[in-house]
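The values are calculated or read from the model by the stated rules, or taken from the named source; none is laboratory data. All of these numbers come straight from a predicted model, not from anything done at the bench. Note: ideal-geometry Cβ built from the backbone for every residue, glycine included; neighbour counts use all protein chains shown.
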Amino acid sequence: MHLVVTAHTADGHLSYQRTSPQAALDKADELAADGHEWVVITDITGRDYEPGEFDSLFVNPGS
């Protein structure tokens with residue numbers, strides 16, 4: 001699985017590639033905790049998910 005985690009910062013965009021849903025969510029949570037805005041996880045089809053939505057769909061469905 002190919003996932004890209006992106007955040008907007010004062011200096012521009014930060015993007016990180018991750019291969020598992022849990023790793024992508026962990027990085028998104030880390031970026032949000034650091035105060036970065038508009039943190040999203042993008043899947044291979046190009047669809048963006050906010051961390052909470054991604055968690056409920058791919059990491060902990062049914063929670």
Somewhere in the range 16-32, is a residue modelled with pLDDT under 95 and either over 12 Å from the mean Cα position of the chain (by Cα) or not in a helix (DSSP H, G or I) (or both)?
-> no
With THR42, THR9 as the choices, which residue is surrounded by 12 or more Cβ atoms within 10 Å (Cβ to Cβ) and touching a His at 6+ places or on another chain (Cβ under 6 Å)?
-> THR9
